[in-house]
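The values are calculated or read from the model by the stated rules, or taken from the named source; none is laboratory data. Just so it is clear, the model here is predicted, and its values are computed rather than measured. Neighbour counts are summed over all protein chains in view; Cβ atoms, including those assigned to glycine, are modelled from backbone coordinates with ideal geometry.
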Amino acid sequence: MGNDDSKQLVKGAIVLAGAGLIGKVLGASYRIPVQNLLGDEGFYIYQQIYPILGLALMLSLFGFPSAVAKVASSFEEEGQVAGWRNFYMPAWVVLMIACVLFWAVLYVSSGLLASVIGDGKLRQLYESASFVFLAIPFTAVLRGMCRVDADMVPVAKSQLAEQTIRVAFIIGAATVIGSGAVNLYRIGTAAAIAALLGAASAVFILGNHFRRNSLSESAPFGHFSWSYHASTLLGIGIVATLNHALLLIIQLGDMLTMLPSLRQFGLNFNEAVIEKGIFDRGQPLIQIGSVLGSALALSVMPAISQRKLREEPGVYGPFMRIAFKLSIAIGTGAALGLIFIFPETNRLLFEDDAGTGALRILMLSVFISSIAITMAAMLQGLGFYRRTAYWILVCFASKIVLNLLLVPLLGITGGALATVLALLLMLLLTGRDLIKHTRKVFISNKRQTQVLAVASIGMMTFLIIGKTVLNTQFTHSRIILLAEVVLLVAGGAGIFLWLLIRRNGFFTDEELLMLPASRIFMKIRKIK
């Protein structure tokens, strides 16, 4: 395999990641209209159930399907044939048993969980959310079967359908609830129903695909080892989910600790609820930025192994480097841009500028999480599944501890600092391991750092001048704000990208040729 193969690998990865990227961006951005419809109090309620539903969705979309596909491939590498009766049905039984346990634990402990959080009205929300886990085995096994056949089209269709139906139902419910006709806490039940409807649509699409493609009843031979294959399915599935759900894990820490910590800060219950809702405004923006920054690595790193990296370093080494550089570039540009224009973005998206100072600090998470998620995906691709899971759990524990220490002292500013510090710890731990096991530092010379700094300074200069020029008495209008923010974002991103490509040193010519639209990038590089 040469440079053409490497280029094809990257382009194929981007194509395969397209549907997932759209789904993730859709799954993050819809929370902005939900906040507009329900206000900060209603958004707080939704965010108190979102991490649980999000983790269930990650198990269904990425974790368990990846596990099914990986175990099935190993099954066949051992000389066996994975069929419905001798592999996929037993795998479904294993996942169903696990998900029934998830449902039972959450349902039974919902009252205790609501009590720990400090809001007894959340109990019904958690009871409703628990039923979503019962749908996971159906979608996960069918998606895993598609992955084994390398048929990603039905997987992409099911993901988009699931997300679209879920989002549409939630926004519709938020519209009704926001009108005052229904209690705000009903948004949690509506979110659970939306998740079940989305899963049903995915099962319909995937099932119809296999019906038309005549799925075989069984395979001629093969034996499912209940102990080995079951433990492997669950282990790989949970670890893969964690790797896709770092930001959900962070939000889970906020769900558990933010409200009682804000009460210790001196706020009464209603004030604490509003502050938590304001703090959560930053979550969809972080999620969108980190998804864009890490999408390439997340989609393809599972195809890279230590053996492949050792045997064909000329193909897989450059891919790892460009995935890492893209995460740095996108993370840097997105984080700096959001920090500089956050007052305008806050007013545009959420109708006022409440919490701007704390949320600006929180936007540093875009840069850190983009790189940390990419590094974790690389380590997982190299086979260090348990290692990445361990560091994510360490990050989760550190977030909880930091919240308990900082929020009672600083309010939501403390929560923002806790998120940044917890993600920074994740970045340092995964970075250390990646350097150790690949013996490479992906961005290590002064020239790369200088080019990135020049591009960042150029973008910030444009944003400062642009904000000064556009700061008129009409900025209270959301239409005017929309035009202003679009202009600032487009101009800032264009200047950042131009300087990053134009100045040789960050991306090499070979790396630019690996990317889509490489001709345009090379023309920019060669302009006299």
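Structure data summary
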| read-out | value |
| --- | --- |
| In region 383-405, the residues that are in contact (Cβ under 8 Å) with a residue 24 or more places away in the chain, surrounded by fewer than 21 Cβ atoms within 10 Å (Cβ to Cβ) and either closer than 14 Å to H244 by Cβ or not polar (S, T, N, Q) (or both) | G383, F384, Y385, R386, R387, A389, L393, V394, F396, I400, L404 |
| Flag if L326 is farther than 18 Å from F279 by Cβ, crowded, with 22+ Cβ neighbours inside 10 Å and at pLDDT 90 or above | no |
| Any hit, region 25-36, residues being modelled with pLDDT of 90 or more, farther than 26 Å from A202 by Cα and not assigned by TED's automatic domain parsing to the domain that holds M258 | yes |
| A422, sole failed condition from (1) small (G, A, S); (2) farther than 30 Å from G237 by Cβ; (3) surrounded by 19 or more Cβ atoms within 10 Å (Cβ to Cβ) | (2) |
| Cβ pairs under 9 Å, 6+ apart, first in region 340-352 and at positive phi, second at pLDDT 90 or above and assigned to a helix (DSSP H, G or I) | E351/Q35; E351/N36 |
| Residue list for region 233-269, filter: free of Cβ contacts under 8 Å to residues at least 40 places away in the same chain and within 17 Å of L95 (Cβ to Cβ) | none |
| Filtered residues of region 368-382 (kept if without any contact (Cβ under 8 Å) to a residue 60 or more places away in the chain and within 15 Å of V420 (Cβ to Cβ)) | I368 |
| Matching residues, region 403-420, being touching a Gly at 6+ places or on another chain (Cβ under 7 Å) and farther than 15 Å from R360 by Cβ | N403, L406, V407 |
| Which numbered condition G289 misses (of (1) of a type in the set (G, A, S); (2) modelled with pLDDT of 90 or more; (3) under 30 Å from Y185 (Cα atoms)) | (2) |
| Enumerated helices (runs of 4 or more DSSP H) restricted to region 55-142, each holding at least 2 residues that are modelled with pLDDT of 90 or more | 89-117, 123-130 |
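Residue by residue, here is whether (1) of a type in the set (S, T, N, Q); (2) at pLDDT 90 or above; (3) more than 30 Å from I274 (Cβ to Cβ) holds:
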| position | (1), (2), (3) |
| --- | --- |
| V401 | no, yes, no |
| A422 | no, yes, no |
| L429 | no, yes, yes |
| R439 | no, no, yes |
| L452 | no, no, yes |
